[in-house]
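Single-structure report; data block below.
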Amino acid sequence: MARPEEAVAALVASRDILLAAGRFRQAADREKQVAELYKGDAGDAAKARDAYERAAGWYAQEGAAATASGCYRESATLAIEVGDFKGALERWEQVAAMALESNLTRYSVKDYYLAAGGCYLAIPDYVACGNAMGFYAQQDPSFPGTMEGRFLHSLLTACEAGDVAALDAAVADYDRTKRVSGYMATLLRAVRKAVQDEPDLA
């Protein structure tokens with residue numbers, strides 16, 4: 001699209017009319033379109049994230065939990081892109097909590113916990129990551145035994161030891177089974193950098 005700002009302006013005008021009429025679900029649809037424009041044609045991750053957040057809030061208000069969750073996931077991935085790992089982990093944990101409420105979405109919880117745990121490691125806050133993993137196991141007792149749970153444990157162990165080689169080996173092993181790409185690749189690069197930047201206190 002040659003002029004995404006014009007499309008955004010038109011969508012925002014439509015959104016505001018819908019909000020004034022109390023039609024929050026339709027307003028959320030427009031705001032989601034705004035987010036998609038910012039993410040794609042406009043290339044503005046921060047504005048896209050803000051728009052996804054607003055859309056998610058309105059969807060949740062209208063009881064459209066699945067669509068709200070999708071917007072929160074988009075927000076979380078964009079937060080990783082801009083380096084806001086604290087904001088990202090909060091959203092991943094929220095999405096996980098929402099997923100646990102339905103048998104149809106519980107299967108995805110392991111991916112959300114892995115992403116949230118990775119954000120703790122990227123901050124880096126290894127103590128908080130360990131505590132979070134204990135909480136995840138309480139919420140979903142199957143998580144520690146999943147491939148994602150074992151991978152997160154390996155990452156934390158390597159990070160605590162300051163062992164970049166062990167970290168790389170864990171990532172390579174995981175990648176052989178489940179391709180590391182997109183936001184997860186970005187996140188794992190940040191985790192690796194955090195380990196490299198940690199001062200050697202030995």
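Report, to the nearest 10°, how far helix 85-99 tilts away from the longest principal axis of the Cα atoms in the chain, using its own Cα long axis and a range of 0 to 90°.
80 degrees
Quick one: putting +1 on the C-beta of Lys and Arg, -1 on the C-beta of Asp and Glu, what dipole do you get for the chain around its Cα centre, in Debye to the nearest 20?
Value, rounded to 20: 560 debye.
Tilt of helix 45-61 relative to the longest C-alpha principal axis of the chain, in degrees (0 to 90, nearest 10)?
That helix lies at roughly 70 degrees to the long axis.
Classify the range 126-181 as rounded, prolate or oblate, taking a ≥ b ≥ c as the square roots of the eigenvalues of its Cα gyration tensor: rounded when a/c is under 1.5, otherwise prolate if a/b is larger than b/c and oblate if not.
Judged from the Cα gyration tensor, the range 126-181 comes out oblate (a/c at least 1.5, b/c at or above a/b).
Could you compute the net charge surrounding Val109? Neighbours are other residues with a C-beta less than 13 Å from the C-beta of Val109; K and R count +1, D and E count -1.
For residues surrounding Val109, the net value is -2.
What distance in nm separates the two pseudo spin-label positions at Ala21 and Val82, each 7 Å out from Cα along the beta-carbon direction?
Rounded to a tenth, the inter-label distance reads 3.1 nm.
Expressed as a fraction of 2.2 N^0.38 Å, the rule-of-thumb size for a compact globular protein of N residues, what is the C-alpha radius of gyration of the chain?
Taking N as the residue count of the chain, the ratio is 1.13.
Give a quick list of GluC sites (Glu not before Pro) in the range 84-114 that DSSP marks as loop, anything other than H, G, I, E or B, with at most 13 other Cβ atoms within 10 Å.
Glu101
Order these by the 10 Å Cβ neighbour count, fewest first: Phe135, Phe24.
Ranking Phe135, Phe24 by Cβ neighbours within 10 Å, fewest first, gives Phe135, Phe24.
Which aspartates and glutamates does Lys178 reach when only Cα atoms under 16 Å apart count, and residues fewer than 8 places away in its own chain are ignored?
Counting by Cα, and skipping residues close in sequence, Lys178 has these aspartates and glutamates nearby: Asp111, Glu148, Asp168.
Which net charge results for the neighbourhood of Arg49, defined as the other residues with beta-carbon distances under 15 angstrom from its beta-carbon, given Lys and Arg at +1 and Asp and Glu at -1?
Value of the local net charge: -2.
Using alpha carbons only, how many angstrom separate the centre of the range 140-202 from the centre of the range 48-88?
25 Å
Near Lys32, which aspartates and glutamates are there with a Cα under 17 Å away, not counting those fewer than 8 places off in the same chain?
Glu5, Glu6, Asp16, Asp41, Asp44, Asp50, Glu53, Glu62, Glu74
Go ahead and run the numbers for FRET between Ala10 and Ser108, Cβ-Cβ distance against an R0 of 41 Å, rounding to 0.05.
0.75
FYI, it's all coordinate maths here, none of it is from the lab. Here the structure is a predicted model, which means the values were calculated and not measured. Neighbour counts run over all protein chains shown; Cβ positions are idealised from the backbone, glycine included.
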